[in-house]
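Enquirer: Before anything else, here's the structure in question.
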Amino acid sequence: MPSRTDQSATERRLYAQLRQLLTTPGLLRGNLVEMRRACGKATCRCARTPASRHRALYLGLSLQGRRRMVYIPPAWEADVQRWVARYAQVRAVLEQLALRYLARVQRREG
């Protein structure tokens, strides 16, 4: 593995970005899914008008090989959205680094 000084400016930038993402609290794997459902009350407007159904946010993810949907309360929505976005950013940076090192392996560079 090359030392830090042997890394390109792009690699150093990617590692710095990865460190910053990992030192900020909150990483959550999954996808956010918005659902609109009727509540079941006969007098509610959602029973009469499908367009006015109640909004609910869920986190869709796979745990132990099974698909799960976890309800996200409205008070947690902003935090969960940030955590899911940060996880996606970490994955994107790791993918860029992995592609750079794959290119090194293919060129047979140290």
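Enquirer: How about segment 30-75: which of its residues are among the charged types (D, E, K, R) and touching a Leu at 6+ places or on another chain (Cβ under 7 Å)?
Expert: Across segment 30-75, the qualifying residues are Glu34, Arg68.
To keep it simple, each residue is scored yes or no on (1) loosely packed, with under 13 Cβ neighbours inside 10 Å; (2) in a strand (DSSP E or B).
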| site | (1), (2) |
| --- | --- |
| Tyr58 | no, yes |
| Leu61 | no, yes |
| Arg67 | yes, yes |
| Trp76 | no, no |
| Val84 | no, no |
| Val93 | no, no |
| Leu102 | yes, no |
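Enquirer: Name the pairs: first residue in segment 51-62 and closer than 8 Å to Gly30 by Cα, second residue buried (at least 16 other Cβ atoms within 10 Å of the Cβ) and among the hydrophobic types (A, V, I, L, M, F, W, C), Cβ to Cβ under 6 Å, at least 6 apart or on different chains?
Expert: Leu59/Ile72
Enquirer: Please work out if Leu18 is touching a residue at least 40 places away in the same chain (Cβ under 8 Å), under 30 Å from Ala103 (Cβ atoms) and touching a helix residue (DSSP H, G or I) at 6+ places or on another chain (Cβ under 8 Å). Break it down stepwise before answering.
Expert: Values: touching a residue at least 40 places away in the same chain (Cβ under 8 Å): yes; under 30 Å from Ala103 (Cβ atoms): yes; touching a helix residue (DSSP H, G or I) at 6+ places or on another chain (Cβ under 8 Å): yes.
Considered against the rule, which asks whether it is touching a residue at least 40 places away in the same chain (Cβ under 8 Å), under 30 Å from Ala103 (Cβ atoms) and touching a helix residue (DSSP H, G or I) at 6+ places or on another chain (Cβ under 8 Å), Leu18 comes out as yes.
Enquirer: Do we find a residue being under 21 Å from the mean Cα position of the chain (by Cα) and surrounded by 12 or more Cβ atoms within 10 Å (Cβ to Cβ) anywhere in segment 33-52? I'd like the intermediate steps shown before the answer.
Expert: Step one: list which residues in segment 33-52 are under 21 Å from the mean Cα position of the chain (by Cα), which gives 33-35.
Okay, now just the ones that are also surrounded by 12 or more Cβ atoms within 10 Å (Cβ to Cβ), so 33, 35.
Yes, segment 33-52 has at least one match.
Enquirer: Kindly indicate whether Leu27 is touching a strand residue (DSSP E or B) at 6+ places or on another chain (Cβ under 9 Å) and either hydrophobic (A, V, I, L, M, F, W, C) or not in a loop (DSSP other than H, G, I, E, B) (or both).
Expert: In short, no.
Enquirer: Answer yes or no: is there a residue in segment 30-43 that is at pLDDT 95 or above and in a loop (DSSP other than H, G, I, E, B).
Expert: Yes, segment 30-43 contains a residue that is at pLDDT 95 or above and in a loop (DSSP other than H, G, I, E, B).
The values are calculated or read from the model by the stated rules, or taken from the named source; none is laboratory data. Predicted model, so just to flag it, every value in this text is computed and none were measured. Cβ sites come from the backbone with ideal geometry, for glycine too, and all protein chains shown count toward neighbours.
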